Amino acid sequence: MAKTDVLSLAILGMLSEQPLHGYQIRKRLGNELGPFRALSYGSLYPCLKRMVGEGLIATDDRDDAAIRATASKRSRISYQLTDAGHARLAEELASSGASSWDDDAFDVRFSMFERTDSVTRLRILEGRRSRLAERLEEVSEGLQRVRERHDAYTTELHRHGLERVEREVEWLDRLIENERSATRGDTNNTASAGNN
């Protein structure tokens with residue numbers, strides 16, 4: 001999933017809750033989705049324009065009192081999801097392909113897990129865990145090679161990377177177990193209800 005596709009998905013998710021101005025979108029991206037903290041207006045507004053062109057979102061540039069209070073002319077345009085945007089978001093939330101657990105996309109997808117079905121959530125979590133298991137192996141091998149060269153600073157950098165990936169794998173293991181438990185609980189509750 002390209003960075004622009006990830007940004008589009010994040011925007012669709014935010015606008016599904018309520019219409020927002022460009023500045024509000026940028027601020028929420030920064031506050032809620034850490035990887036987007038460095039997002040500039042230079043990348044946000046072309047993405048919004050493209051999404052308007054694709055019919056996924058629509059603009060409402062009425063100049064009401066609340067909008068006039070903002071300083072930027074760009075922020076006077078309010079963006080809202082169209083029916084096509086709602087459909088695209090539903091399609092994205094139901095998908096669980098490999099791009100869903102890539103570094104760029106995973107945080108955005110995870111932030112929308114509340115609106116994602118349990119089976120899809122579990123597939124994404126397991127895919128992310130599998131991807132990180134591969135990375136653990138690569139980082140471990142890299143650490144061993146660096147140790148053989150006796151480069152203390154690069155060794156520390158590799159150790160830090162290894163610890164970071166190990167922490168995320170542990171976190172994912174907990175999430176996967178919780179998701180499986182919840183699914184088993186739903187299945188057991190459904191079976192119990194059917195027996196009554």
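Only the coordinates and a few stated rules stand behind these numbers; no lab work does. What you see is a predicted model, and the numbers here were worked out from it, not measured in a lab. Heads up, the Cβs are rebuilt from the backbone with ideal geometry, glycines too, and the neighbour counts pull from every protein chain shown.
With θ taken as phi - 60° and the coefficients 6.51, -1.76 and 1.60, list the Karplus ³J(HN,Hα) couplings across region 105-115 in order, rounded to whole Hz; mark glycine and proline as x.
8, 4, 4, 5, 4, 4, 5, 10, 4, 4, 9
In nm, to one decimal, how far is the modelled label at GLU156 from the one at GLN24, with both set 7 Å along Cα→Cβ?
4.6
Starting from 0.36 nm per residue, how many nanometres of slack lie between ALA133 and ALA87 once their C-alpha separation is accounted for?
13.2 nm
Could you give the length gained on full extension between ASP102 and ASP117, defined as 0.36 nm per residue of separation minus the Cα-Cα distance, in nm?
3.5 nm
List, in order, the whole-Hz ³J(HN,Hα) value for each residue of region 145-159 obtained from phi through the Karplus relation with A = 6.51, B = -1.76, C = 1.60 and θ = phi - 60°; use x for Gly and Pro.
These are the phi-based 3J(HN,Hα) values: 5, 5, 4, 5, 8, 6, 9, 5, 6, 5, 4, 4, 4, 5, 5 Hz.
For SER140 and ALA94, FRET efficiency with R0 = 35 Å and r from the beta-carbon atoms, rounded to 0.05?
0.50
With a 10 Å radius around each residue's Cβ, average the other Cβ atoms per peptide and rank 15-28, 142-155, highest first.
Final packing ranking: 15-28, 142-155.
Name the residues whose placed amide hydrogens come within less than 5 Å of the amide hydrogen of LEU20, ignoring near sequence neighbours (fewer than 5 apart) on the same chain.
Under 5 Å from the amide H of LEU20 lie the amide H atoms of TYR79, each far enough along the sequence or on another chain.
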